[in-house]
Amino acid sequence: MASLLPRSFGLAETVLLKNGTKLLAASTNSNLPCKQQVRHLNVHEYVSYTLLNDHGIPVPKFNVAKTKDEAVKFAQELNTKDIVLKAQVLAGGRGKGAFKNGLKGGVRMVDNPETAGDIVGKMLKQYLVTKQTGAAGRICNMVMVTERKFPRREFYVAIMMERSFNVCNNVFTVFCLDAKFRFDDNAQYRQKDLFALRDISQEDPKEIEAAKFDLNYIALDGSIGCMVNGAGLAMATMDIIKLYGGDPANFLDVGGGATAQAVSEAFRIILSDPKVSAILVNIFGGIMRCDVIAEGIINAAKNLNIQIPVIVRLQGTKVNEARKLIADSGLRIVPRDDLDEAAKLVVQLSEIVGLAKKAGVEVKFDIPRYMLEK
């Protein structure tokens, strides 16, 4: 067991860093038949600056340029040689990132408006790649043009005071030099103006599509697609895939109230990732009925012309009905009762498909009948 811990912690850390809040939300009250999922609105830095400024918190002078000419104009209005250009991309590590066109750094210091315009022209409509974006990067549609402040020393101070005396404002000039705001989607109904600022160009299209069907989807870097119900079971499933040498391509939690249509949509989203070379479905039917999952899998297999191996492990409510549906479908869906065996098999089949892709060879699976009935 001790040997499993480093692998488990490593994979858990990767998923949590990518979208820990979604996982926590998905796992909270997972025994309740509730379809609502907590998601969060991340806003650009210039929006955070605007909100702070509107509420009386000083920030450096700034504006947002969407064209090269606007960048020159805004830099001139700052009337300073200390100008900062910040690519408005929802990812950390912008300063050390690089654009796909070769420009280094999503945060640049310049000393004149003309240079500001030239650099902004190279940032706009280009993809910035950082440690948090993955190789695909994120598109930069706007650049914040702001004045540079020079921190001479940095202090970490915790102070409790009576706000009405304004002691800090009387002694110092206080600025907020950086801000990242995130808002709970549950507030959307009463914060319509704020949520109208959502920039979907910074979000994974697959995650946006999954949310429409109350699916919790997080893209990862592997080749084995996963469809599971419950965040805890999903993490355990990804861990056992990792144990046998595979790499999950996604975290996908269908929740406790998924319909057959939502399951079919989950397959479509998984298959939209070209890296996926095999799929493992692992469902424990409590609130979620296994026969509903089976119907969704069968519909997906028929409508999407799935050409890669699909391994299905179902346990719990209506499992016998689900197994009969899959057996009677005549489709090449491989059932397995044991999770250990299912994980080992999906890793092996994924490796075969992956090798074939690298060699440019098309692989078609003619699975023996005894495997389908096992």
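The values are calculated or read from the model by the stated rules, or taken from the named source; none is laboratory data. On a predicted model such as this, the values are computed, not experimentally measured, just so you know. In this analysis, Cβ positions are derived from the backbone assuming ideal geometry, glycine residues included, and neighbour counts consider all displayed protein chains.
Miscellaneous remarks
- Flag if residue 153 is at pLDDT 85 or above and surrounded by fewer than 11 Cβ atoms within 10 Å (Cβ to Cβ): no
- Filter pass, residue 100 being more than 20 Å from residue 181 (Cα to Cα) and touching a strand residue (DSSP E or B) at 6+ places or on another chain (Cβ under 7 Å): yes
- Of residues in the range 327-345 being modelled with pLDDT under 90 and part of a helix (DSSP H, G or I), the one farthest from residue 223 (Cα to Cα): 328
- Hits in the range 142-157 (condition: assigned to a loop (DSSP other than H, G, I, E, B), touching a residue at least 12 places away in the same chain (Cβ under 8 Å) and either farther than 17 Å from residue 179 by Cβ or touching a Ser or Thr at 6+ places or on another chain (Cβ under 9 Å) (or both)): 148, 150
- Filtered residues of the range 106-138 (kept if under 19 Å from residue 47 (Cβ atoms), surrounded by fewer than 19 Cβ atoms within 10 Å (Cβ to Cβ) and modelled with pLDDT under 95): 132
- Here residue 374 passes the criteria (1) among the charged types (D, E, K, R); (2) modelled with pLDDT under 80; (3) part of a helix (DSSP H, G or I) except the one numbered (3).
- Residue 139 being in a strand (DSSP E or B), assigned by TED's automatic domain parsing to the domain that holds residue 58 and either touching a strand residue (DSSP E or B) at 6+ places or on another chain (Cβ under 6 Å) or touching a residue at least 40 places away in the same chain (Cβ under 8 Å) (or both): yes
- Filtering the range 54-72 to residues that are more than 13 Å from residue 85 (Cα to Cα) and surrounded by 16 or more Cβ atoms within 10 Å (Cβ to Cβ) leaves only 59.
- Scanning the range 302-320 for residues that are assigned to a helix (DSSP H, G or I) and buried (at least 19 other Cβ atoms within 10 Å of the Cβ) yields a total of 1.
Results for (1) farther than 17 Å from residue 343 by Cα; (2) in the same structural domain as residue 211 (by TED's automatic domain parsing); (3) touching a residue at least 40 places away in the same chain (Cβ under 8 Å), shown as yes or no for each residue.
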| residue | (1), (2), (3) |
| --- | --- |
| 237 | no, yes, yes |
| 243 | no, yes, yes |
| 260 | yes, yes, no |
| 280 | no, yes, yes |
| 286 | yes, yes, yes |
| 289 | yes, yes, no |
| 292 | yes, yes, no |
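- Every pair of residues 6+ apart whose Cβ atoms lie under 6 Å, when the first sits in the range 307-320 and is in contact (Cβ under 8 Å) with a residue 24 or more places away in the chain and farther than 16 Å from residue 228 by Cα while the second is crowded, with 17+ Cβ neighbours inside 10 Å and of a type in the set (D, E, K, R): 318/289; 318/291
- Residues that are closer than 20 Å to residue 149 by Cβ and either in contact (Cβ under 8 Å) with a residue 12 or more places away in the chain or among the acidic types (Asp, Glu) (or both), drawn from the range 55-71: 57, 58, 59, 60, 61, 62, 63, 64, 65, 71
- Some residue of the range 263-273 being in contact with a helix residue (DSSP H, G or I) (Cβ under 6 Å, 6 or more places away or on another chain), at positive phi and in the same structural domain as residue 208 (by TED's automatic domain parsing): no
- Within the range 52-86, tally of residues that are farther than 21 Å from residue 181 by Cα and aliphatic (A, V, I, L, M): 5
- The residues of the range 335-355 that are among the aliphatic types (A, V, I, L, M) and either over 20 Å from residue 293 (Cα atoms) or surrounded by fewer than 20 Cβ atoms within 10 Å (Cβ to Cβ) (or both), listed by number, are 339, 345, 347, 349, 352, 353, 355.
- The residues listed here are 96, 100; of these, the one that is over 16 Å from residue 125 (Cβ atoms) and among the charged types (D, E, K, R) is 96.
- Qualifying residue in the range 277-286 (condition: in a loop (DSSP other than H, G, I, E, B) and not basic (Lys, Arg)): yes
- Close pairs from the range 89-104: first outside any loop (DSSP other than H, G, I, E, B), partner exposed (fewer than 13 other Cβ atoms within 10 Å of the Cβ), Cβ under 6 Å, at least 6 apart: 98/104
- Among the candidates 271, 233, 280, 215, the residue that is among the hydrophobic types (A, V, I, L, M, F, W, C), at pLDDT 85 or above and within 15 Å of the chain's Cα centre (by Cα) is uniquely 215.
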